[in-house]
Amino acid sequence: MCLLHREYFTNPETKVNLFLNLIYSGQKDIVLIMRLGKLPFGVFKIINKYHLIKSNNSVVVGVSGGPDSVALLNILHSINSAKNLQFRFYVAHLNHQLRGKSSEEDAQFAENLSKELSLPFILKNVNIQEIATQTKRSIEETARIERYKFFTESSQKYNASTVAIGHTADDNAETILHRIIRGTGISGLEGIPIKRPLTTDSTIQIVRPLLFTWRKEIIDYLGKEHLNYRTDTSNYETIYLRNKIRLELIPLLEKQYNPNIKNTLIQLSQIFTANNEYLSQEAKKILKGSTMASDAGSYTLNTHFLIKQPKILQHLVFQEILNILQIPLKEITYEHYTKILNEIAKKGRGRHFQLPGKLYLWHEHGMLYFKKDLLSKPCIPLSSEIPIQIPGTTLIHPLGQLVSEILDIKDLSLDVYKKTKTSGEEIFDLQSITMPIAVRGRKEGDTISPLGTHGHKKIKDLFIDKKIPLKERDTVPIVVMNNQPIWVIGICMDNRVKVTSNTRKILKLSFQSSH
């Protein structure tokens with residue numbers, strides 16, 4: 001029985017309370033529990049409490065053939081029949097091809113089970129060993145990745161909103177202990193979530209209706225219902241750490257240290273889940289308050305604000321950004337977080353960090369920049385001067401292109417233009433332009449007289465004022481006339497070439513980035 005209700009059925013002293021509670025909640029529950037049995041009734045309550053499956057939903061049910069998945073499928077099917085919820089189930093089996101004939105028999109068993117229940121069957125054969133060798137991942141990790149890929153494909157093909165799998169309370173306790181042994185943060189101690197998106201940006205939910213049910217209860221249920229299941233002999237091989245925890249460590253802890261160790265671990269996960277819900281909300285507020293810019297594959301934070309926050313929230317803000325950038329959290333260690341948080345609190349020169357997942361960070365002038373895949377998309381400086389075609393299009397490889405037009409002042413409404421212009425657009429007084437003009441990168445000693453100011457300013461100081469990262473300064477295109485900057489694209493233009501009341505012809509330049 002699920003943890004939330006099992007005391008009603010296992011403790012004789014509370015049987016009267018059960019009866020009274022059922023009367024209070026209505027005769028429907030009494031009828032339902034008589035029709036379903038104790039375990040399916042408990043699972044039904046969990047589905048309702050956590051809103052795991054909605055009426056009329058299409059649900060892909062992962063069925064390996066083992067006791068947990070067989071129980072899950074039969075329980076869901078019986079709930080659907082008893083309550084007439086009109087769920088549409090698809091039985092999905094991934095053949096890992098790891099155990100030769102046994103793997104084929106598992107697949108056949110799952111297919112026969114779907115036929116007995118008159119449910120559609122989805123089968124996919126994958127050579128896990130071959131993929132693991134090619135990708136240099138463990139068998140366990142490869143199998144997990146391929147399973148989730150299979151669930152995604154199946155859900156999309158059959159327009160299913162939910163994937164149901166058979167993780168149990170035992171699996172949760174083992175997972176928490178496994179994470180403690182290998183190292184984890186506070187989010188890892190939450191254990192297995194009862195539901196979550198199938199992938200980071202997916203609308204498909206993966207749900208675990210048996211997560212509050214112990215394996216012993218499942219075996220008892222299968223026996224009473226005379227339901228057969230397959231036994232995976234690899235589950236008893238102690239070459240896998242997960243198996244060693246289940247077969248050796250937990251029995252040792254139960255015998256010599258705490259006979260209730262699995263319940264204790266589940267309680268620990270529930271405590272951390274409650275704490276993390278609060279901390280996560282606080283971290284999201286801080287992230288919102290410190291975010292300066294965000295784009296596909298990049299993020300910019302104001303660290304003046306961030307470093308004033310408690311360390312644990314700084315840590316969680318980092319995790320939020322990593323999730324946004326789709327960097328696997330397991331690749332980032334506690335040492336990574338600690339080093340970066342310590343460094344950004346220091347004053348002085350800029351600091352750079354290379355992290356797993358092709359993530360590059362640098363900190364300067366109170367700003368922390370995150371760039372994903374920077375190594376595959378390097379910042380290539382503009383080393384040569386490129387003449388600008390007027391009118392026409394000038395390719396500025398690899399940054400983009402510059403489009404130039406000559407317009408009559410009567411054809412342009414300055415008020416409308418000022419309201420709609422982008423940072424990549426600028427207009428100039430054509431009579432003030434000495435041809436030819438060109439585009440290049442910055443040079444030592446470059447200066448400009450920014451529009452609306454007096455005197456000149458070094459381009460270097462302009463970049464510092466605008467907090468342009470050091471790594472990106474050589475990639476900012478600069479339009480020059482007689483080798484003197486007249487427009488630092490995206491930042492400012494020079495007073496000498498501004499549009500005035502005497503302007504008759506306009507040169508309009510529009511920069512279109514290739515990124």
Test of understanding: among F463, F511, which residue is aromatic (F, W, Y), touching a residue at least 12 places away in the same chain (Cβ under 8 Å) and closer than 27 Å to H363 by Cα? F463
Condition first: crowded, with 16+ Cβ neighbours inside 10 Å and assigned to a helix (DSSP H, G or I). Now tell me which residues in the stretch 293-310 satisfy that. T303, L306
Can you report the number of residues in the stretch 355-367 which are modelled with pLDDT under 80 and more than 17 Å from I327 (Cβ to Cβ)? 2
Taking only the stretch 287-326 into account, find how many residues are among the polar types (S, T, N, Q), in contact (Cβ under 8 Å) with a residue 12 or more places away in the chain and over 16 Å from L341 (Cβ atoms). 5
Within the stretch 253-264, does at least one residue satisfy the condition of being at negative phi, among the aliphatic types (A, V, I, L, M) and modelled with pLDDT of 95 or more? yes
Being of a type in the set (S, T, N, Q) and in contact with a Leu (Cβ under 9 Å, 6 or more places away or on another chain) is the filter; apply it to the stretch 202-221 and report the residue that is least open to solvent (accessible area, probe 1.4 Å). T213
For the stretch 338-351, state whether one or more residues are within 26 Å of R179 (Cβ to Cβ), of a type in the set (S, T, Y) and touching a residue at least 12 places away in the same chain (Cβ under 8 Å). no
Taking the stretch 85-102 and the residues there that are surrounded by fewer than 17 Cβ atoms within 10 Å (Cβ to Cβ) and among the polar types (S, T, N, Q), the one that is nearest to L227 (Cα to Cα) would be S102
Return the residues of the stretch 107-140 that are in contact with a Gly (Cβ under 8 Å, 6 or more places away or on another chain) and not small (G, A, S); say none if nothing qualifies. F109, L113
What residue, of H352, H336, is part of a helix (DSSP H, G or I) and either modelled with pLDDT of 80 or more or over 15 Å from the mean Cα position of the chain (by Cα) (or both)? H336
Condition first: among the hydroxyl-bearing types (S, T, Y) and without any contact (Cβ under 8 Å) to a residue 60 or more places away in the chain. Can you find one or more residues in the stretch 267-276 that meet it? no
Examine the stretch 459-482 for a residue that is part of a strand (DSSP E or B) and surrounded by fewer than 17 Cβ atoms within 10 Å (Cβ to Cβ), and state whether such a residue exists. no
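Every residue, every condition in (1) over 14 Å from S187 (Cβ atoms); (2) modelled with pLDDT under 90; (3) open to solvent by 20 Å² or more (accessible area, probe 1.4 Å); (4) in a helix (DSSP H, G or I), yes or no:
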{"residue": "S269", "(1), (2), (3), (4)": "no, no, no, yes"}
{"residue": "N275", "(1), (2), (3), (4)": "no, no, yes, yes"}
{"residue": "Y278", "(1), (2), (3), (4)": "no, no, yes, yes"}
{"residue": "Q281", "(1), (2), (3), (4)": "no, no, yes, yes"}
{"residue": "I286", "(1), (2), (3), (4)": "yes, no, no, yes"}
{"residue": "I312", "(1), (2), (3), (4)": "no, no, yes, yes"}
{"residue": "H315", "(1), (2), (3), (4)": "no, no, yes, yes"}
{"residue": "E320", "(1), (2), (3), (4)": "no, no, yes, yes"}
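The values are calculated or read from the model by the stated rules, or taken from the named source; none is laboratory data. As the structure is a prediction and not an experimental result, all values here were calculated from the model. Note that each Cβ is placed from the backbone with ideal geometry, even for glycine, and that neighbours are counted across all protein chains shown. All accessible areas refer to the heavy atoms of the entire protein, side chains included, with ligands and DNA or RNA removed. Shrake-Rupley method; radii C 1.70, N 1.55, O 1.52, S 1.80 Å.
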